[in-house]
């Protein structure tokens with residue numbers, strides 16, 4: 001029996017099982033296909049970019065490993081992204097950074113504009129995908145003493161303010177050209193390694209810098225800003241200017257999206273608990289789905305309990321329409337294209353499993369204090385055949401089923417990636 005026939009047979013049985021709970025698996029797959037994952041380009045080249053690829057990584061960022069076949073040119077990086085996207089069901093987006101500008105001449109970060117991302121827009125049109133943006137506030141000599149937008153030095157602040165303004169022009173360009181709103185995510189590495197005397201002044205400077213960057217109004221159908229906090233980072237262990245609470249308040253007071261990076265919190269915190277507390281007050285969320293291991297180490301996303309809780313919260317509270325889901329990890333110990341595929345498919349699986357539940361019925365039981373039914377049904381759902389539905393979803397979207405996509409990766413790295421290191 002051909003694999004497609006096996007998938008169809010298993011799906012038919014799974015569909016019948018879920019129908020017993022009044023869950024329409026066909027409808028669920030249609031809904032899942034609408035969810036776009038924003039794939040981060042920097043997994044493909046270990047965050048080197050093209051503006052100054054030999055610059056040492058700063059801002060608390062580090063990449064482990066030296067797996068062969070790293071992308072070194074724009075064509076290599078887009079080629080790798082194309083391969084990854086072909087193995088991920090559906091049509092998605094790609095996140096960029098200032099450092100990924102493709103220019104004819106050497107430019108500084110504060111000189112980069114929309115014209116330097118035409119390469120990416122042309123490629124995105126060919127792929128039929130959207131683009132998101134991130135201004136780069138790291139790996140540059142103007143990061144002075146771990147400070148950028150909150151620096152006490154006005155010349156430093158002014159430099160980075162211009163970088164932020166330029167990124168908004170670029171993000172607006174993405175949205176206009178591609179017809180998909182571009183999320184422009186702001187994260188800075190500012191803070192102190194040891195205990196500061198003055199905690200308030202840096203935050204007041206950051207507010208002023210951000211307000212200056214955001215003075216110009218853009219059509220939110222084209223671009224919208226998100227602000228990302230962090231618990232700590234290398235070199236800013238004692239005080240982070242852009243903390244979670246700071247950006248939570250800034251996002252609410254300024255009408256911005258709040259970015260929650262799953263790897264930027266204390267290991268004992270459940271980030272999914274933050275969603276329902278923020279959403280009644282905020283405009284929406286940007287998620288960076290990552291996997292911390294003991295600290296903010298940005299491991300490849302896997303289908304684990306933390307990811308399951310994230311997707312369940314979004315699905316059960318019906319917040320997918322106001323949430324932008326992006327990936328954020330960098331692992332050079334494995335094939336970089338495979339890392340994208342593992343992370344994106346894991347996120348989609350978690351979303352699918354969350355959707356395959358009689359949510360309205362469970363909410364009704366909860367409202368009637370029938371906690372017995374709530375517990376019994378949610379426990380039984382854990383062993384329901386959602387994997388058969390996932391295989392059908394892959395089949396319907398012309399992507400490999402099961403581990404078959406690894407054959408594509410092995411072939412791609414032998415023919416395309418590994419020869420790069422021989423030149």
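The values are calculated or read from the model by the stated rules, or taken from the named source; none is laboratory data. Remember, it's a predicted structure, so these values are computed and weren't measured experimentally. Please note: Cβ atoms are built from the backbone with ideal geometry, for glycine as well, and neighbour counts cover all protein chains shown.
Restricted to segment 243-261, and to residues that are without any contact (Cβ under 8 Å) to a residue 60 or more places away in the chain and not in a helix (DSSP H, G or I), which residue is surrounded by the fewest Cβ atoms within 10 Å (Cβ to Cβ)?
Applying the filter and picking the extreme gives 255.
What do you reckon, is residue 255 at pLDDT 95 or above, out of contact with any helix residue (DSSP H, G or I) (no Cβ under 6 Å at 6 or more places or on another chain) and closer than 16 Å to residue 168 by Cβ?
Yes; evaluated as a whole, the condition is true for this residue.
May I ask you to say which residue of 315, 377, 342 is out of contact with any helix residue (DSSP H, G or I) (no Cβ under 8 Å at 6 or more places or on another chain), in a helix (DSSP H, G or I) and surrounded by 15 or more Cβ atoms within 10 Å (Cβ to Cβ)?
Result of the check over 315, 377, 342: 342.
Looking at segment 185-207, which of its residues are farther than 11 Å from residue 241 by Cα and assigned to a strand (DSSP E or B)?
Hits for segment 185-207 are 185, 186.
Condition first: under 30 Å from residue 361 (Cα atoms), exposed (fewer than 12 other Cβ atoms within 10 Å of the Cβ) and more than 28 Å from the chain's Cα centre (by Cα). Can you find one or more residues in segment 398-416 that meet it?
The answer is no, given that none of the residues of segment 398-416 is under 30 Å from residue 361 (Cα atoms), exposed (fewer than 12 other Cβ atoms within 10 Å of the Cβ) and more than 28 Å from the chain's Cα centre (by Cα).
Give the residue that is surrounded by the fewest Cβ atoms within 10 Å (Cβ to Cβ), with candidates limited to residues of segment 318-332 that are in contact with a strand residue (DSSP E or B) (Cβ under 6 Å, 6 or more places away or on another chain) and closer than 12 Å to residue 36 by Cα.
So the residue we want is 323.
Residue by residue, here is whether (1) in contact with a helix residue (DSSP H, G or I) (Cβ under 6 Å, 6 or more places away or on another chain); (2) exposed (fewer than 15 other Cβ atoms within 10 Å of the Cβ) holds:
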residue	(1), (2)
26	no, yes
32	yes, no
45	yes, no
49	yes, no
53	no, yes
58	no, no
63	no, no
67	no, no
71	yes, no
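Keeping to segment 208-242, report how many residues are in contact (Cβ under 8 Å) with a residue 24 or more places away in the chain, farther than 19 Å from residue 159 by Cβ and assigned to a loop (DSSP other than H, G, I, E, B).
15
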